[in-house]
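Read the structure below first, then the notes.
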Amino acid sequence: MVSGADPQRVRVEIEASASYRIMWLAGIRELDLTQHCLKTFADCDKPRIDRRKQHQTLRLPATNPPPAWYLCALPFPWDWPRNAHLAFEYAPGETWEGDAMVPDLTVRLANARPIFGWGEHSIPADAPLRRSRLHRTCRNWQFAWWLRTHRGVPQVEFVAAEQPPRGTEQLPLM
C-alpha cells in the first residue's frame with residue numbers, strides 16, 4: 001500500500017507548552033545583513049504556522065530545499081532569554097528531537113538536522129553593524145552571518161533606483 005507521502009520531505013513537529021506572541025518558520029535563500037530579525041532573511045519560504053496551536057506538524061518540500069530553515073518564537077509575555085530559536089538543514093534519513101533553545105518548545109525533525117555552533121561569535125569583527133545592539137544581540141542576524149560565512153548564502157542585491165535626469169531635459173528638434 002502506498003501512502004502518497006514523500007519520504008524525503010522534511011517533517012517538523014512542534015510541541016509548545018508555553019504561549020507565544022510570534023512564531024514563524026523561514027526557509028532561507030538570501031540574506032539582508034543590513035536588517036535584523038525576520039528581515040535578515042530577505043528571500044525566504046514561509047510555510048504557514050499557527051502560534052496558537054500547542055501541537056502542529058509541517059511538511060516541507062524536498063525539491064529545491066533552501067540552505068537552511070529557521071524557527072523563531074517569542075513568548076508571551078516577552079522575555080528575551082525565553083525566545084525560541086532553531087536552525088536546521090535538509091538531511092535525508094536523519095531525525096532529531098530537542099528544544100529550540102528553550103525548554104517550552106520541543107521540536108522533532110525528520111529528514112533534517114539542527115545546525116549548532118553559531119552565535120554572537122559568528123559575526124565578523126569588521127561587520128558594519130556589529131556595534132549595533134539591535135543587530136549584535138539578534139539571534140537571526142547571528143545565524144545569518146554563520147550562513148554567509150559557512151554556507152555561502154548570498155546577500156540580496158540592491159538595485160539603485162533610476163535617477164531622473166538633472167536639469168531640464170532637452171529633446172532634439174526635427
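General remarks:
- Considering only residues in the range 86-109 that are touching a residue at least 24 places away in the same chain (Cβ under 8 Å) and under 23 Å from V153 (Cα atoms), the one that is surrounded by the fewest Cβ atoms within 10 Å (Cβ to Cβ) turns out to be P92.
- Residue in the range 64-80 that is within 15 Å of I115 (Cβ to Cβ), part of a loop (DSSP other than H, G, I, E, B), touching a helix residue (DSSP H, G or I) at 6+ places or on another chain (Cβ under 9 Å) and of a type in the set (A, V, I, L, M, F, W, C) present: no
- Cβ-Cβ distances below 8 Å connect the following pairs, each with a first residue in the range 38-60 that is within 23 Å of P92 (Cβ to Cβ), a second residue that is open to solvent by 70 Å² or more (accessible area, probe 1.4 Å) and modelled with pLDDT of 95 or more, and a separation of six or more residues or different chains: T57/R11; L58/R11; R59/R11; L60/R11.
- So A127, is it among the aliphatic types (A, V, I, L, M) and assigned to a strand (DSSP E or B): no
- Among the candidates R11, R51, R29, residue that is part of a loop (DSSP other than H, G, I, E, B), surrounded by fewer than 21 Cβ atoms within 10 Å (Cβ to Cβ) and not small (G, A, S): R51
- Filter pass, K46 being surrounded by fewer than 19 Cβ atoms within 10 Å (Cβ to Cβ) and in contact with a Phe, Trp or Tyr (Cβ under 7 Å, 6 or more places away or on another chain): yes
- Considering (1) at pLDDT 95 or above; (2) more than 22 Å from Q142 (Cα to Cα); (3) outside any strand (DSSP E or B), the lone condition that F116 does not fulfil carries the number (2).
- The single condition from (1) open to solvent by 10 Å² or more (accessible area, probe 1.4 Å); (2) small (G, A, S); (3) farther than 16 Å from C37 by Cβ that A112 fails is (1).
The values are calculated or read from the model by the stated rules, or taken from the named source; none is laboratory data. Values in this document were obtained by computation on a predicted structure and should not be read as measured data. Cβ coordinates were reconstructed from backbone atoms using ideal geometry, including for glycine residues, and neighbour counts include every protein chain displayed. We work out accessible area using only protein heavy atoms, side chains counted, and drop any ligands, DNA or RNA first. Shrake-Rupley method; radii C 1.70, N 1.55, O 1.52, S 1.80 Å.
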